[in-house]
């Protein structure tokens with residue numbers, strides 16, 4: 001990794017937002033706005049409730065250009081397959097409202113999804129509504145809910161954004177496996193690592 005990219009990633013890893021205006025879902029909490037319809041890159045309008053499967057739902061906040069996302073997103077299709085295998089729905093949300101006229105426009109989202117071969121929902125979180133309701137901090141930032149739509153895991157995808165080969169703790173995959181098997185999730189919360197969500201806060 002070159003020094004310029006490292007500095008960009010380091011500077012982007014800190015998320016700052018007004019905690020008085022952004023919710024912070026705790027383990028065991030249920031989401032709000034689960035029926036709110038969002039535009040997906042496929043042309044469909046979907047809600048979190050629509051995407052949920054028998055064992056629950058994975059919501060992953062992401063973006064088009066964050067260096068951390070670009071390092072991690074090759075693992076997104078594998079996450080989708082893992083979620084499908086364990087009967088967990090998966091949706092990826094773009095909440096970068098302040099970049100909606102540039103890198104994270106809806107047209108840019110559609111182009112990015114096509115170029116990367118996304119095989120999952122990639123939806124527009126308009127006005128950063130879902131991110132603010134959840135307390136999503138970074139791209140990426142994962143939120144996993146069980147069949148009762150109770151939050152059971154939130155945080156990082158795994159312990160290595162640099163390479164899948166360097167992963168020693170696949171937090172999210174382990175949580176999904178435990179969830180589908182009816183077992184207690186050993187690590188229910190980890191620190192998210194990524195670029196701050198460029199959210200709208202009224």
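Among the residues of the stretch 79-96, the one identified as in a helix (DSSP H, G or I) and either at pLDDT below 95 or over 17 Å from the mean Cα position of the chain (by Cα) (or both) is 85. When the stretch 114-137 is filtered for residues that are at positive phi and part of a loop (DSSP other than H, G, I, E, B), the ones remaining, listed by number, are 117, 135.
The residue that is farthest from residue 157 (Cα to Cα), among those in the stretch 170-191 that are in contact (Cβ under 8 Å) with a residue 60 or more places away in the chain and buried (at least 22 other Cβ atoms within 10 Å of the Cβ), is 179. Taking the conditions exactly as written (assigned to a loop (DSSP other than H, G, I, E, B), in contact with a helix residue (DSSP H, G or I) (Cβ under 7 Å, 6 or more places away or on another chain) and touching a residue at least 40 places away in the same chain (Cβ under 8 Å)), does residue 34 satisfy them or not? When the stated conditions are applied, residue 34 passes them.
I'd like the residue in the stretch 138-148 that is touching a strand residue (DSSP E or B) at 6+ places or on another chain (Cβ under 7 Å) and in a loop (DSSP other than H, G, I, E, B) and, out of all such residues, is surrounded by the fewest Cβ atoms within 10 Å (Cβ to Cβ). Restricting to residues being touching a strand residue (DSSP E or B) at 6+ places or on another chain (Cβ under 7 Å) and in a loop (DSSP other than H, G, I, E, B), the top hit is 147. In this structure, does residue 15 turn out to be assigned to a helix (DSSP H, G or I) and either surrounded by fewer than 17 Cβ atoms within 10 Å (Cβ to Cβ) or at pLDDT below 95 (or both)? For residue 15, the condition - assigned to a helix (DSSP H, G or I) and either surrounded by fewer than 17 Cβ atoms within 10 Å (Cβ to Cβ) or at pLDDT below 95 (or both) - is not met.
The values are calculated or read from the model by the stated rules, or taken from the named source; none is laboratory data. No experiment lies behind these values; they were computed from the predicted model shown. Cβ atoms come from the backbone with ideal geometry, glycine included; neighbour counts cover every protein chain shown.
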